[in-house]
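Only one structure is covered here, and it is reproduced in the block below.
The values are calculated or read from the model by the stated rules, or taken from the named source; none is laboratory data. In this text the structure is predicted, and so the values were computed from the model without any measurement. Here the Cβ positions follow ideal geometry from the backbone for every residue, glycine too, while neighbour counts run over all protein chains shown. Side chains included, ligands, DNA and RNA excluded: accessible areas come from the protein's heavy atoms. Shrake-Rupley method; radii C 1.70, N 1.55, O 1.52, S 1.80 Å.
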Amino acid sequence: HDSYLFKGTVYENLKMGIQKNCSKKEERATMYAALKQVDLYDTIMEKGGLEMQIEEKASNLSGGQKQRLVLARAILHDSDIYIFDEATSNIDVESEDRIMQVVQELAKTKLVILISHRLANVVKADQIYVVDKGSIVESGNHTKLVEKKGAYYALYHAQQKLEKYVKGEANGI
């Protein structure tokens, strides 16, 4: 949730993710593909492309843009296992949706461990572990955990109710 981007160019930040020895042309094509995958390509191209300067603490990017750029770098690394710890905290809904689409796509071919307090993000997970005070208190997929009507059920429905309230959908608001 607080991954680091270095002061320098987008290219320099993404190059850290590339493991293969490939030509500069192949390298750039791979970077462009990763930027497209995380829906940042147009934004980055409008601001100078791969040579766009990233300021200290990436202060010239929004929170969602930072997270998506870091995600592009992780995709370029092509790991077998990805761990996302609150990957969608403190970002806009559009970025959250895009990040979760990319995470779900990665999960088709990679092992993805997603740590999230926002349970809407884990609904599609194959296996969910509910942790309370450092111990796993429930596990299963979303459907099974809802059927149990235990800790996950209570948390999930409380979050759903809160989100409906915030959107003005609760009690005819």
| request: Within 10 Å, count the other beta carbons around each residue, average over each peptide in 33-39, 105-111, 149-155, and list them highest first. | output: 33-39, 149-155, 105-111
| query | Hey, what do the phi angles of segment 135-140 turn into as Karplus ³J(HN,Hα) couplings, whole Hz, using 6.51/-1.76/1.60 and θ = phi - 60°, x for Gly and Pro? | reply | 10, 6, 9, 8, 8, x
| remark: Once ASP126 and GLN19 are pulled to full extension, the length gained, defined as 0.36 nm per residue separation minus their Cα-Cα distance, is 35.6 nm
| task | Tell me which label goes with the value of volume of the Cα convex hull per residue in Å³ computed from the coordinates here: [x] 177; [y] 139; [z] 195. | result | [y]
| query | Over the heavy atoms of GLU94, what accessible area does a 1.4 Å probe trace out, to the nearest 10 Å²? | reply | 120 Å²
| task | Compute the acute angle (0 to 90°) between the alpha-carbon long axis of helix 63-77 and the principal axis of greatest extent of the alpha-carbon atoms of the chain; round to the nearest 10°. | result | 70 degrees
| task | Show the residues, 5+ positions off or on another chain, whose built amide H is closer than 5 Å to the amide H of LEU114. | result | PHE84
| field | Carbon/sulfur fraction of accessible area - the chain, other protein chains in place, 1.4 Å, % | value | 51 percent
| query | Given segment 1-103, what whole percent of its Cα pairs are spread farther than 22 Å? | reply | 23 percent
| query | Percent antiparallel among DSSP beta bridges with both residues in segment 1-154, to the nearest 5? | reply | 60 percent
| query | How much area per residue is accessible in segment 1-99 when the probe is 1.4 Å and only protein heavy atoms are counted (Å²)? | reply | 56 Å²
| Add -39500 (n - 2.57) for each DSSP H run of 4 or more in the chain, then divide by its residues: what number comes out at 222 nm, to the nearest 500 deg cm²/dmol? | -13500 deg cm²/dmol
| request: Compute the relative contact order of the chain as a whole-number percentage, counting only Cα pairs closer than 8 Å that sit 6 or more residues apart in sequence. | output: 19 percent
| query | Can you give the charge dipole size of segment 101-165 about its Cα centre, rounded to the nearest 20 debye, using +1 on the beta carbon of Lys and Arg and -1 on the beta carbon of Asp and Glu? | reply | 100 debye
| message | Under a Cβ-only charge scheme (Lys and Arg +1, Asp and Glu -1), can you give me the dipole magnitude of segment 1-125 about the Cα centre, in debye to the nearest 20? | response | 340 debye
| Roughly how many whole Å is it from the C-alpha centroid of segment 32-104 to that of segment 117-158? | 27 Å
| said: Run the numbers for GLU26 and LYS110: contour at 0.36 nm per residue of separation, minus the present Cα-Cα distance, in nm. | reply: 27.9 nm
| task | Give the long-range amide H neighbours of GLU138: residues separated by 5 or more places, or on another chain, with amide H under 5 Å away, using H modelled in the peptide plane at 1.01 Å from N. | result | VAL130
